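Before any comments, here is the structure.
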Amino acid sequence: MVVRQHPRFHASFSGTLTHRNQRHAISRSLDLSRKGCRVQSSFPAFAGMKVDLQIVFPGSPTPILIQGAVVRWAGAHGIGIEFLSLASPDERQLEGTLRLLAAKTARRPQPSPVGGRA
């Protein structure tokens with residue numbers, strides 16, 4: 001079992017991956033955490049490559065720029081990317097977005113126990 005240092009949240013965002021001055025659209029966002037994300041893209045990513053990301057959240061006036069992120073894995077379940085560092089304004093914006101996602105998740109009703117027992 002993998003133990004995560006930071007909680008992951010389902011997040012809807014658009015953006016691009018850039019590698020060697022080639023930009024590739026993020027076709028679908030799958031999840032987001034303080035230290036990374038999982039996305040789908042037609043980009044032919046492989047573990048170990050460095051990429052820059054530009055992430056745009058709905059309703060946000062400015063994108064988050066993440067330079068020097070590392071692809072940790074790529075396959076049928078998407079592309080797993082680790083954020084190694086963020087500039088202060090981008091880090092603050094990401095933290096604010098994660099707080100909103102955490103609050104939204106906390107308000108979601110929990111499913112009833114199986115069999116209707118408490």
Nearest 10, in degrees from 0 to 90: the angle of helix 88-107 to the longest Cα principal axis of the chain is 20
Computed over the Cα atoms of segment 6-118, the Rg and Dmax in Å are 15.6, 57
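Per DSSP helix of 4 or more residues, -39500 (n - 2.57); summed, then divided by the residues of the chain. What does that give at 222 nm, rounded to the nearest 500?
-6000 deg cm²/dmol
Every number in this text was worked out from the coordinates using simple rules, so none of it is lab data. Here the structure is a predicted model, which is why all the values come from computation and not from measurement.
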